[in-house]
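Data first, discussion second: the structure below is written as structure tokens.
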Amino acid sequence: MRNRCISVAGATLLLAGTLALAGCTLGQSSPNDLVQDEGGATEAAQSGGSMEGAVSEGGAPAATPAGPVTFTDDSGAEVTVEDPRRVVACMGSFASIWELAGGTLVGASDDAFTLSDYDLASRDVQKVGDFSSLNLEAILALEPDFVIMTSGTGGRGGDSSQTELKEALAASGIPTAYFQVTTFDDYLRMLRICCDITGRDDLYQQNGQATADRIRAIVDKVPAPAGDAPTALVLTTYSGGTRVQASSTMTGAMLADLGVHNLVDDNPSMLKDFSLESVIELNPDYIFVIPMGNDEEAARKALEDQTADNPAWATLDAVRNGNYLVLDPHLFQYKPNNRWDESYQALYDVLYGN
């Protein structure tokens, strides 16, 4: 059987050897913020934020102090910040977004350091704990003038919430914004707010709009279906079990944009009651797998053990046709931020490439 992979570097389609999972591998996965929300758009524009014509000594556009910027975050709270210089980001992807907007950091959650694709440019950034169990004392010790958090729940244990620190931070008088980023549109919204704060509209165009333009070019190439749209299921595997993802999730939303019909949208009971029998009954054209948790190999083995016990698994169209795929975490689990177009291109190549 020919197996295919989406690689970390370049997100291209590769050939790989036969896997124990009776399918093929596109990478691996890891925990991150598995949440989604709409809203949070900037409400009040910055005062005096124009940077037209401003150039730094190195020739790059220089940030013009934006003055006070007021916006509504994804928790529904109104937040005002003014030229923050001591910023703490409590999610690796959020630390990356803040730097993509031209900001610098004094603190970040541990995952900002352990994920190679989130290499931080800020100097002497201090760790403030795991994103699912932050160290409040470490955050306060850095004397931040702006803290960026996630308003979602569902850390590694599934029940962590950074909003539990909201009252303590408010009591300390520290401006704190909560975001939920799942889809590319969520990323654009947060980047827009961060660039409003830093006064770097050029970086929004470079790291946001340019990426959006590349994604639009990919989506526009999706062929009109000759018959029914391709069908798929997205599985998230843990050492303790397996779940399915709807179209509202990160990968699910990209597949929907690319013309794929997610079968769980028609069978929502699978979101709470997953079974291999239901997958076999639906027989999707594609099965995308995202191993999660601290022990990726244990997550893979958990699904392998389940499928090995059911001989009908090998008869699935996705398995027989080499369309049983494990996704690269840097493109499909960790938020790829300004590389989001690479995730779209990788899926497009699997679905419509030669």
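Tabulated data
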read-out: In region 190-233, the residues that are open to solvent by 30 Å² or more (accessible area, probe 1.4 Å) and among the charged types (D, E, K, R); value: Arg192, Arg200, Asp201, Asp202, Asp213, Arg214, Arg216, Asp220, Lys221, Asp228
read-out: Residues that are among the aliphatic types (A, V, I, L, M) and either over 19 Å from Met190 (Cα atoms) or not in a helix (DSSP H, G or I) (or both), drawn from region 322-354; value: Leu325, Val326, Leu327, Ala346, Leu347, Val350, Leu351
read-out: Complete set of residues in region 142-154 that are open to solvent by 30 Å² or more (accessible area, probe 1.4 Å) and over 26 Å from Pro68 (Cβ atoms); value: Thr153
read-out: Some residue of region 253-264 being part of a loop (DSSP other than H, G, I, E, B), within 26 Å of Leu188 (Cβ to Cβ) and either of a type in the set (Ser, Thr, Tyr) or touching an Asp or Glu at 6+ places or on another chain (Cβ under 8 Å) (or both); value: no
read-out: Identity of the residue in region 262-276, at pLDDT 90 or above and of a type in the set (D, E, K, R), that ends up nearest to Leu347 (Cα to Cα); value: Asp265
read-out: Asp130 vs. criteria within 18 Å of the chain's Cα centre (by Cα) and among the acidic types (Asp, Glu); value: yes
read-out: Failed criterion for Phe274 (all others in (1) outside any loop (DSSP other than H, G, I, E, B); (2) under 29 Å from Asp111 (Cβ atoms); (3) open to solvent by 30 Å² or more (accessible area, probe 1.4 Å) hold); value: (1)
read-out: Tally of residues being closer than 15 Å to Phe94 by Cβ and open to solvent by less than 40 Å² (accessible area, probe 1.4 Å) across region 122-141; value: 9
read-out: First in region 71-82 and closer than 17 Å to Asp145 by Cα and among the hydrophobic types (A, V, I, L, M, F, W, C), second anywhere and open to solvent by 30 Å² or more (accessible area, probe 1.4 Å) and at pLDDT 95 or above, Cβ under 6 Å, 6 or more apart; value: Val79/Pro175; Val81/Pro175
read-out: Test: Ala232 is hydrophobic (A, V, I, L, M, F, W, C) and assigned to a loop (DSSP other than H, G, I, E, B); value: no
read-out: Members of region 326-350 that are at pLDDT 90 or above and over 29 Å from Gln205 (Cβ atoms); value: Val350
read-out: Flag for Tyr204 being modelled with pLDDT of 95 or more and of a type in the set (Phe, Trp, Tyr); value: yes
read-out: One residue from Ile197, Ile290 being closer than 30 Å to Asp309 by Cβ and in contact with a strand residue (DSSP E or B) (Cβ under 6 Å, 6 or more places away or on another chain); value: Ile290
read-out: Evaluation of Leu165 against (1) part of a loop (DSSP other than H, G, I, E, B); (2) surrounded by fewer than 22 Cβ atoms within 10 Å (Cβ to Cβ); (3) in contact with a strand residue (DSSP E or B) (Cβ under 9 Å, 6 or more places away or on another chain) (one fails), failing number; value: (1)
read-out: Strands (runs of 3 or more DSSP E) within region 70-151 that include 2 or more residues within 23 Å of Pro329 (Cβ to Cβ); value: 146-150
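The values are calculated or read from the model by the stated rules, or taken from the named source; none is laboratory data. Quick caveat, the model's predicted, so the values are computed rather than measured. Methodologically, a virtual Cβ is constructed for each residue, glycine included, from the backbone with ideal geometry; neighbour enumeration extends over all protein chains shown. Note: accessible area is taken over every heavy atom of the protein model, side chains too, but ligands, DNA and RNA are not part of it. Shrake-Rupley method; radii C 1.70, N 1.55, O 1.52, S 1.80 Å.
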